[in-house]
Each structure stands twice: as C-alpha cells, then as structure tokens.
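Peer 1: I'd like to ask you about the structure that follows.
The values are calculated or read from the model by the stated rules, or taken from the named source; none is laboratory data. From a predicted model like this one, the values you see are computed outputs, not experimental measurements. Note that each Cβ is placed from the backbone with ideal geometry, even for glycine, and that neighbours are counted across all protein chains shown.
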C-alpha cells in the first residue's frame, strides 16, 4: 500500500502573519482587509482583497497605493512569519502527529486513513474539514489541503483546492494530474521555477505534460538539475520522505488554586512544589533556565513578567520571583498584601504558571571541580538582599552611550536585561577620552577654578579657555594644579525647550585636572560661569 501525503497550504502567509501580529498588538485590525508585504519598496506578497483592487506582486509601493489607497502595508519579516506559523503546526500536530514544516504557510503530514472517515465522506476530506475547523479557531481562515501519493503532487493539489477544502488525487493518478497543469505553476517554486516556466513558454510548451514528453537526456542537457527534478516528478517518479519534526517537550508547569488564594504569602508557599517540579523537569533533559516567564492569573486580570537570572534559576529563585511579582503587581493595581497591611488582597490568585523562555545546556552552568566558589556566594548573597529590600532596590551599573561620565552609566536591577540604553558605538562628540573615572558622584561637588591672577577661568562660545587653570577649589580646600587637559566643549539642549520652542543652548566644557597632591578630577564648566566636579580618578 502506498503511503499517501497530505499538504496544508495557507495562501499569502506573510500577509496573514503580519495582520495577525498587528491585530495582537493594536487590536481592531480586519484580517480580511487588503494588505501587502513590501520588500525593497516593492510588493512581495499581497492577499486576495488587495488583488481584487489591482495590487500585484512586483508593483512599486506608490503604484500599489494608487490602485488601493486603503491597502495595509507590512514590512517583510521572515521571523514573524515563522513565529506565527507555530500555532498552526501545534494545532495540526495535536490532531495528526508527524508534521513536517516545509516553510511558513506550508506543511505536510502523513495522510490520515480511515480514522476521520464518515459515511459518504472520504477519510482525507473529513480530516481536512476537521483541521480547517480547528485552524479557524486560531485565526487562520484560508487553509487549503491536497492529498496524493507524493509530496510534490499533494502540494500542487493544495494550491488548486478551494478554501477550507481538500483536493484528493486518487492513488496512482499523480502523473495524470500533473500533466494537465500549465507550466506557469512552476513560478510558485521561486526564482528557478519562474525561470524554467518562462523558458518553456518561449519554447511553445504550455502544459507540464508537454514537458514530460521530452527525453531524459534532452531535459538533462538543456534544463539542468532543477528541470530534471521537475521532469521526474511529472513522470510520477518522486519518492516522498517527510522530515517530520519532533514535538517540543512540554516544559511549562502550573498550579491552580481552588479556592483562589487571597494573599501573596499563601501563593508563595503553595508554589514551592511546582517550582521544584519545573526545575526537575528541565534537569531531566540536561537543561537549565536562564529566563523564565511567570504568569499569575487573578480574578481581576493577569500578571505576566519575564524574569532573568545571572546564572540559572533554582526552585528557590522562582519562588522569590513569584513573591516579588505579586507584590509589585498588587501595589501597581491598588491591591495590598495581607503581610503589609493585615488585610486580605482585593483580587485572589487562581493560577500560577512557569514557562521557560530561554533554556541552555546544564553543562554550560555546571560548577567547577572545586565548586562554584565566590561567584555562587555573591549570587546567593544578592538574592537574599533582594528578598529583604525588594527586587528593584538592588541595582548594578551598566555602560551606555553618552558624553559625560554620569551619562554613560545606567543602573538596572540585578539579573535584569538592560533595555532602552543609548548605544555605545555612536560617535558622541564631546565625550571625554579614556581612561574612565573610577568614581562618579551622584550629586556633583561644588568647585572653582582660577588662573595665576586669581581670575575665574571660563570657556568662550568658540571653545577657548580664558586663562590657564592655576588653582582649583574642591569643596573648601584649594589646591595648585599640576597638569590639566581640555576643554571638551558640548552644546546640548539648544534644539527645543519644554514648550517646544527654540531654547538657549546649554553650553558646557569638561576638563581633566591633576593637583599637586596627586589627586585627579573630572571637572565641568557650565555657562555662564559655574564649575562642578563630576567624577574622580583614584
């Protein structure tokens, strides 16, 4: 008995994925609206609604908008297409294991036999109807199915099927079906197919059957490897072997509370066993989690957050994160925990779920021959401090782009991934050269700089120093200057003021000054004539 193959094709998948993402992020986007995906300012893919208005592949952006002013334009994003095709794979996999993803929008499975058959309805057509119904529930309305003895014929059949229908090619009828197709169908195979299709039409071959009538040696000499593969498939000689994917293991763990718990402490105590089960499940597969998403379902809503760890999560770390997340969520929503106020929280927690966001091999995080050493003790010590003073209260400095020493540092919570930082690699005109100062003062210190005649030193609008720094006062103490470097002038904030109108420029200039006592300082002069100490070189 021949092993048959079923192919699922979702037309214009790039457009469908873009509309699904936009609907998920903005809401209210019509999935049936005319839309097109652009690449290089040209239409790469468009849906049926856009084609009805005259939009075609290869059109320029302005031509597409001229024919359909309401067209939704989406940027090409292969990662988005693959990400939104994952629910389709999961849905099909739940009904028919052995899914082989071919590309986003196209997959193959071993054709179902008599399991889905009903009186008067073939098993393959009935299976396609069940799959189409389940796909509609995840937002995929246009799904088309094809079934045949081989993968190539099944894909062609799916492309000729009606929406949410299956075109089944009888066993042994693949060659007859393919011979009746026009050579233009080869354009669906990409650039090679489009080139071969154009060549065959120029040679007067209109159907694949005409192409199949050529000799094997003639095809190999004239049309190359791709043409030979197509010729063999049209002859019905393809041997289908699906590379079925292995379903990813279920690593998530959750616990439901019945009745719901109305205090953060009760939830924290109750999730300990679940956290241990989550970590043990990863350990059984030689994995550890460095990023975990924790979802807490409350009667008043959902609290979800992705947590990071500088090394890898233990069950105790996960319990701490649940506690911090609930306390932060309750505080931001106006709810209060029983521990802090003696009152029950307004909204009870019904479920807590742990989902691994980033997992890595456990061997990459194993202790050395003599244990984890000082690094492990630091991590545990910081975690204890966070448990006492709060997650956001323990911060570490990270480097970001900027001109001044204070501008180039940012503080992020311990274990959190820095986001929204200014890029370091930009030029940043006016930035002081290295080495960087060792101490940056949270509040600049008062200072004064004078020349040899005890006249205050300033910087002109052209960036010139009015006198050579001779003495510097830090706080109350004066110290002669042994050497100095600068200035590095900076004009900032001149483009707009708070009202949106042109503002006076904020002129400043930085100096590196070394006193005769050996201490080095980073000083900043600000117009009209004030000095301050931003940092120190120890």
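Peer 1: Can you name the condition, by its number, that residue 98 falls short on among (1) loosely packed, with under 15 Cβ neighbours inside 10 Å; (2) touching a residue at least 24 places away in the same chain (Cβ under 8 Å); (3) over 27 Å from residue 185 (Cα atoms); (4) touching a helix residue (DSSP H, G or I) at 6+ places or on another chain (Cβ under 9 Å)?
Peer 2: The one condition residue 98 does not meet is (4).
Peer 1: Search segment 202-214 for residues that are closer than 11 Å to residue 234 by Cα and pair each with any residue that is in a loop (DSSP other than H, G, I, E, B) when their beta-carbon atoms are under 7 Å apart and the residues are at least 6 apart or on different chains.
Peer 2: Note: pairs meeting the criteria are 207/180; 207/181; 208/181; 209/180; 211/205; 212/235.
Peer 1: Go through segment 454-477 and give me each residue that's part of a strand (DSSP E or B) and either under 50 Å from the mean Cα position of the chain (by Cα) or within 15 Å of residue 510 (Cα to Cα) (or both). Give the steps one after another, and end with the answer.
Peer 2: Step one: of segment 454-477, the residues part of a strand (DSSP E or B) are 456, 459, 465, 471-474, 477.
459, 465, 472, 474, listed by residue number.
Peer 1: Based on what the data block shows, is residue 273 without any contact (Cβ under 8 Å) to a residue 60 or more places away in the chain and touching a helix residue (DSSP H, G or I) at 6+ places or on another chain (Cβ under 8 Å)?
Peer 2: Details: without any contact (Cβ under 8 Å) to a residue 60 or more places away in the chain: yes; touching a helix residue (DSSP H, G or I) at 6+ places or on another chain (Cβ under 8 Å): no.
So residue 273 fails the test.
Peer 1: Run down 150, 142 and say which single residue is in contact with a strand residue (DSSP E or B) (Cβ under 8 Å, 6 or more places away or on another chain), modelled with pLDDT under 90 and assigned by TED's automatic domain parsing to the domain that holds residue 112.
Peer 2: Numbers: 142 fails: in contact with a strand residue (DSSP E or B) (Cβ under 8 Å, 6 or more places away or on another chain).
So the residue among 150, 142 that is in contact with a strand residue (DSSP E or B) (Cβ under 8 Å, 6 or more places away or on another chain), modelled with pLDDT under 90 and assigned by TED's automatic domain parsing to the domain that holds residue 112 is 150.
Peer 1: Report the residue count in segment 316-353 for those that are surrounded by fewer than 18 Cβ atoms within 10 Å (Cβ to Cβ), at pLDDT 80 or above and part of a helix (DSSP H, G or I).
Peer 2: Of the residues in that region, 1 qualify.
Peer 1: Take segment 214-223 and flag every residue that is surrounded by 13 or more Cβ atoms within 10 Å (Cβ to Cβ) and assigned to a loop (DSSP other than H, G, I, E, B). Talk me through it step by step, then tell me what you get.
Peer 2: First pass over segment 214-223, keeping only residues surrounded by 13 or more Cβ atoms within 10 Å (Cβ to Cβ): 214, 219-220, 223.
Of everything in segment 214-223, just one residue is surrounded by 13 or more Cβ atoms within 10 Å (Cβ to Cβ) and assigned to a loop (DSSP other than H, G, I, E, B), namely 214.
Peer 1: Would you please list the contacts, defined by Cβ atoms under 6 Å and residues six or more apart or on different chains, that run from a residue in segment 455-475 that is over 21 Å from residue 515 (Cβ atoms) to a residue that is not in a loop (DSSP other than H, G, I, E, B)?
Peer 2: The qualifying pairs are 463/489.
Peer 1: Residues in segment 437-453 that are assigned to a strand (DSSP E or B) and touching a residue at least 40 places away in the same chain (Cβ under 8 Å): how many?
Peer 2: Of all residues in segment 437-453, those assigned to a strand (DSSP E or B) come to 439-450.
Now drop any that are not touching a residue at least 40 places away in the same chain (Cβ under 8 Å), which leaves 439-441, 444-449.
Counting residues in segment 437-453 that are assigned to a strand (DSSP E or B) and touching a residue at least 40 places away in the same chain (Cβ under 8 Å) gives 9.
Peer 1: Collect the residues in segment 163-204 that are over 21 Å from residue 57 (Cβ atoms), surrounded by fewer than 20 Cβ atoms within 10 Å (Cβ to Cβ) and in contact with a helix residue (DSSP H, G or I) (Cβ under 6 Å, 6 or more places away or on another chain), keeping them in residue-number order.
Peer 2: 164, 179
Peer 1: Does any residue of segment 173-191 turn out to be at positive phi and free of Cβ contacts under 8 Å to residues at least 24 places away in the same chain?
Peer 2: So the first thing to find is which residues in segment 173-191 are at positive phi, and the list is 190.
Subsequent filtering for residues that are free of Cβ contacts under 8 Å to residues at least 24 places away in the same chain retains 190.
Looking for residues that are at positive phi and free of Cβ contacts under 8 Å to residues at least 24 places away in the same chain, one finds at least one in segment 173-191, hence yes.
Peer 1: When residues of segment 136-160 are filtered for being more than 34 Å from the chain's Cα centre (by Cα) and free of Cβ contacts under 8 Å to residues at least 40 places away in the same chain, how many remain? Steps first, answer last, please.
Peer 2: Start the filter on segment 136-160 by keeping residues that are more than 34 Å from the chain's Cα centre (by Cα), which leaves 147-150, 153, 157, 160.
From what's left, free of Cβ contacts under 8 Å to residues at least 40 places away in the same chain: 160.
So the answer is 1.
Results for (1) within 18 Å of residue 406 (Cα to Cα); (2) at pLDDT 85 or above, shown as yes or no for each residue.
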residue: 468; (1), (2): no, yes
residue: 475; (1), (2): no, no
residue: 478; (1), (2): no, yes
residue: 482; (1), (2): no, yes
residue: 487; (1), (2): yes, yes
residue: 493; (1), (2): yes, no
residue: 496; (1), (2): no, no
residue: 504; (1), (2): no, no
residue: 509; (1), (2): yes, yes
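Peer 1: Sticking with this one: Could you tell me how many of the residues in segment 139-190 are closer than 20 Å to residue 122 by Cα and outside any helix (DSSP H, G or I)? Even if it seems obvious, please write down each step before you answer.
Peer 2: Start the filter on segment 139-190 by keeping residues that are closer than 20 Å to residue 122 by Cα, which leaves 143-151, 153-174, 177.
Next cut, outside any helix (DSSP H, G or I) only: 143-150, 160-173.
So the count comes out to 22.
Peer 1: Another question, if that's okay. Let me spell it out: the conditions are (1) closer than 14 Å to residue 511 by Cα; (2) free of Cβ contacts under 8 Å to residues at least 12 places away in the same chain; (3) not in a loop (DSSP other than H, G, I, E, B), and residue 434 meets all of them except one. Which number is the exception?
Peer 2: For residue 434, the failing item is (3).
Peer 1: Where the second residue is part of a helix (DSSP H, G or I) and modelled with pLDDT of 80 or more and the first is under 26 Å from residue 321 (Cα atoms) and lies in segment 391-404, which pairs have Cβ atoms under 7 Å and are six or more apart or on separate chains?
Peer 2: That search, which allows pairs on different chains as well, returns 391/324.
Peer 1: Starting from residues that are touching a residue at least 60 places away in the same chain (Cβ under 8 Å) and touching a strand residue (DSSP E or B) at 6+ places or on another chain (Cβ under 7 Å), keep the ones in segment 51-87 and report whichever is surrounded by the most Cβ atoms within 10 Å (Cβ to Cβ).
Peer 2: 74
Peer 1: Now for a different question. Return yes or no: is residue 55 farther than 28 Å from residue 131 by Cα, at pLDDT 90 or above and assigned to a loop (DSSP other than H, G, I, E, B)? Spell out how you get there, then give the answer.
Peer 2: Working: farther than 28 Å from residue 131 by Cα: yes; at pLDDT 90 or above: yes; assigned to a loop (DSSP other than H, G, I, E, B): yes.
The answer is yes for residue 55.
Peer 1: Being surrounded by 16 or more Cβ atoms within 10 Å (Cβ to Cβ), more than 30 Å from residue 532 (Cα to Cα) and touching a helix residue (DSSP H, G or I) at 6+ places or on another chain (Cβ under 6 Å) is the filter here, so list the residues in segment 383-414 that pass it.
Peer 2: Within segment 383-414, 391, 414 meet the criteria.
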